[in-house]
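A short worksheet on the structure shown next.
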């Protein structure tokens, strides 16, 4: 074997052997952490937040460490050592940027869910966080390669103006999405109604659209710009609980005190039995005379907007059953029509 081939073969063999050894150690550590995480739910969360984001990048770390140690034990020329160092540093920075971005996204989402903070862990928030970390890593890589960042940023600034003009609607939706998330006026899980008539639960707020799932199960995708400019009724703010009124009509001949007592009894029993009603909220009854009936309003508090439909249906059935048992009349719509005799005009003959 020639001396030149010997100089290359020895560090290559050492680098390969060390990389394989480090990959073997990595596999043992991975199995150990996976077994450790199977103990409790808290350990599973730690495993998902820390180990899973570094699982793929750790392969590159083992290879980079093997190359570095193999190069340190060799007599390669300075020119080759310089380029190998650059390559190793680029691999390390890029893989660490990906690992840090994934880890920060996982920790951010887990922390928000644990503290129950009203911040949307949407694709927009997660993508912005990961994109920022990766962008910083790319700037560091450019500095390692000897590329000046300042002229590049200047060029990007001039070109970015043209891009911004071409992508005006896209950027408007992007910044409108950030505005919605920061303002917290619309959050993932909120039930909203737009002035266009669309209503449903917010499933996600992406970089371009907000996805609203309607009661029928279909999904309405609304551009963030239009959503931020629309008049929105948020039934989940300041809380998900909301008041409803179940209307009941009885005849004028009914015993009003008896009707009110029956309604209160039905309402109190419904609060204790129906899961859609808020326990501890005392119902009330309102009285409103109508044209040919007396209208009562049974005021209740439901847990959420969607709960009102089942609650109203069940309460109405219970009320009408009790009114029938108490022989209280529920009137049909009726009108009394008076016919007035008009005077006959001159020259008309009586019939």
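Values in this text are rule-based calculations from the coordinates and carry no lab data. This structure is a prediction, so every number in the text was calculated from the model and none was measured. Please note: Cβ atoms are built from the backbone with ideal geometry, for glycine as well, and neighbour counts cover all protein chains shown.
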- Within 10 Å, count the other beta carbons around each residue, average over each peptide in 17-25, 198-206, and list them highest first. 198-206, 17-25
- Item | the range 233-286 - Rg (one decimal) and Dmax (whole number), Cα, Å | 13.9, 42
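Can you give the Rg to Rh ratio for the range 185-234, taking only C-alpha atoms and Rh from Kirkwood? Intermediate values should be presented prior to the final figure.
Working: Rg = 9.5 Å, Rh = 10.5 Å.
Reported Rg/Rh, Kirkwood definition of Rh: 0.90.
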- Bins of 10 Å from zero: percent of alpha-carbon pairs in the range 242-325: 18, 54, 24, 4
- Note on the structure: Distance in nm between residue 25 and residue 316 label points, each 7 Å along Cα→Cβ, equals 7.2
- Item | Cα-projected label distance for residue 171 with residue 341, points at 7 Å along beta-carbon direction, nm | 8.5
